[in-house]
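Some notes on the structure that comes next.
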Amino acid sequence: MSEESAVEDDGYYEGGARRAKKKRGVSGCLAVLVALAVLVVPSYFAVTKGVEWIKDQTSTSEDFPGPGKGKVTFEVKEGDAVAAIGRNLKAEGVVASVQSFLDAAAADPDSSGIQVGFYELKKEMPAEDALDVLLDPGNQVKSVVTVPEGLRVEDTITLLAENTEWGEAKWNAALKDVGALGLPDYAEGNAEGYLFPATNEISPKDMPQDILAKMVDRWRQAAEEAGLEEAAAELGKTPAELMVIASLVEAEGRGDDMPKIARVIYNRLDGPGDQGGTNGRLQIDASVNYGLDQELGVALTTEQLAQDTPYNTYTRVGLPPTPIEAPGDDAIAAAADPEEGGWYYYVTVDLATGETKFAETYDEFLAYKDEYTQYCTTSDAC
């Protein structure tokens with residue numbers, strides 16, 4: 001056997017070669033491990049840091065000793081759970097940690113009853129104190145302005161200006177932003193009759209355009225509940241005309257009389273013949289007053305009744321062109337669903353109680369008018 005063969009048979013070369021190869025493999029693995037270590041170690045520290053941050057946000061129970069300082073107007077939004085409220089409180093600097101608020105909430109069975117709204121808190125409050133403030137709806141920061149039924153737009157704007165931080169100029173500017181108001185197309189950009197009378201809660205974030213838009217939204221709700229558009233089609237009117245009728249009913253009636261007054265208006269508009277002697281004229285003083293830009297209830301002179309305006313329902317047949325004031329729920333419902341009857345007249349015979357009598361004929365109307373005259377001779381209300 002040659003020396004070369006002996007080397008091969010010995011396996012020394014091949015074995016050596018194999019051993020050398022294995023050594024290279026180990027070195028390669030070590031290199032990979034070292035490389036991985038370079039990659040993994042920073043990631044490990046990053047993850048660890050993230051976990052520590054999460055712990056800091058949710059797990060630690062660090063709490064402020066109180067009593068707090070300064071002011072923070074804090075909003076609880078729709079859908080906020082206790083944990084979300086806690087995170088937002090920490091972000092605003094009100095509580096020291098989310099966990100301290102969660103602990104306070106867990107100890108109070110009423111904590112799930114926090115209501116949506118704005119609350120005045122302090123920075124660096126004890127979590128339990130912050131929770132106590134949020135649990136009392138009476139602590140909500142808001143203004144409340146009640147707009148009664150029957151106000152014209154200009155009177156509504158004056159009332160809102162008197163009870164908020166914004167002057168009439170700001171409110172009138174908001175009124176001109178028709179797109180933001182959300183009026184129906186048939187209002188033709190005129191808010192008269194569509195600023196719904198109700199109690200309005202004004203939050204710190206609300207601006208005049210927001211408040212007016214909410215009033216229109218509340219009108220839309222009333223209109224939908226009354227089936228305004230469907231009723232208009234059944235009664236042979238447009239939705240805009242029904243809103244005019246609702247405003248007239250609001251001006252002229254009250255309570256259970258409203259559906260009857262609505263029927264009188266429909267009978268005068270649509271009735272046969274001379275329509276009870278009215279010749280299709282509504283003869284509603286409140287509409288005449290609106291056209292003359294006078295306050296509702298001001299007694300009209302013969303000259304004023306003869307002064308022709310688009311709103312003079314003595315000189316003109318049919319409805320005035322727009323609502324004359326803001327109707328409430330009852331007036332809108334009455335316009336959409338008038339009571340059945342053949343009346344063409346109504347007379348309020350007792351101003352103190354509001355007692356109103358309805359007549360089908362002119363003679364019957366004259367009798368009720370005499371009753372009203374008799375009432376006025378013994379009462380200071382006239």
Would you mind finding the one in E201, E162 that is under 18 Å from the mean Cα position of the chain (by Cα), under 30 Å from V72 (Cβ atoms) and among the acidic types (D, E)?
E201
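For every residue, the table says whether it meets (1) surrounded by 14 or more Cβ atoms within 10 Å (Cβ to Cβ); (2) assigned to a helix (DSSP H, G or I); (3) in contact (Cβ under 8 Å) with a residue 12 or more places away in the chain; (4) within 38 Å of the chain's Cα centre (by Cα).
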| site | (1), (2), (3), (4) |
| --- | --- |
| Y311 | yes, no, yes, yes |
| G318 | no, no, yes, yes |
| D330 | yes, yes, yes, yes |
| A335 | yes, yes, yes, yes |
| E340 | no, no, yes, yes |
| Y346 | yes, no, yes, yes |
| Q374 | no, yes, no, no |
| D380 | no, no, no, no |
When you scan the range 143-150, do you find a residue that is among the acidic types (D, E), in contact (Cβ under 8 Å) with a residue 12 or more places away in the chain, surrounded by 17 or more Cβ atoms within 10 Å (Cβ to Cβ) and outside any helix (DSSP H, G or I), even just one?
yes
Which numbered condition trips up A127, out of (1) surrounded by 18 or more Cβ atoms within 10 Å (Cβ to Cβ); (2) within 30 Å of A286 (Cα to Cα)?
(2)
Can you work out which of the residues in the range 242-277 that are surrounded by fewer than 21 Cβ atoms within 10 Å (Cβ to Cβ) and of a type in the set (S, T, N, Q) is modelled with the highest pLDDT?
N267
Of the criteria (1) under 31 Å from the mean Cα position of the chain (by Cα); (2) modelled with pLDDT of 95 or more, which one E120 fails
(2)
Report every pair of residues separated by at least 6 positions or lying on different chains whose Cβ atoms are under 9 Å apart, first residue within the range 112-128 and assigned by TED's automatic domain parsing to the domain that holds D80, second among the hydroxyl-bearing types (S, T, Y) and surrounded by fewer than 20 Cβ atoms within 10 Å (Cβ to Cβ).
G117/S203; F118/T73; F118/S203; Y119/T73; E120/T73; L121/T73; A127/S61
Please go through the range 74-117 and give me each residue that is assigned to a loop (DSSP other than H, G, I, E, B) and either under 25 Å from the mean Cα position of the chain (by Cα) or surrounded by 20 or more Cβ atoms within 10 Å (Cβ to Cβ) (or both), ordered by number.
K77, E78, G79, D80, A81, V94, V95, A96, S97, I114, Q115, V116
For E154, state whether it is over 19 Å from the mean Cα position of the chain (by Cα), assigned by TED's automatic domain parsing to the domain that holds A262 and either part of a helix (DSSP H, G or I) or not aromatic (F, W, Y) (or both).
no
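The values are calculated or read from the model by the stated rules, or taken from the named source; none is laboratory data. Just so it is clear, the model here is predicted, and its values are computed rather than measured. A quick note on method: Cβ atoms are made from the backbone with ideal geometry, for glycine too, and the neighbour counts reach across all protein chains shown.
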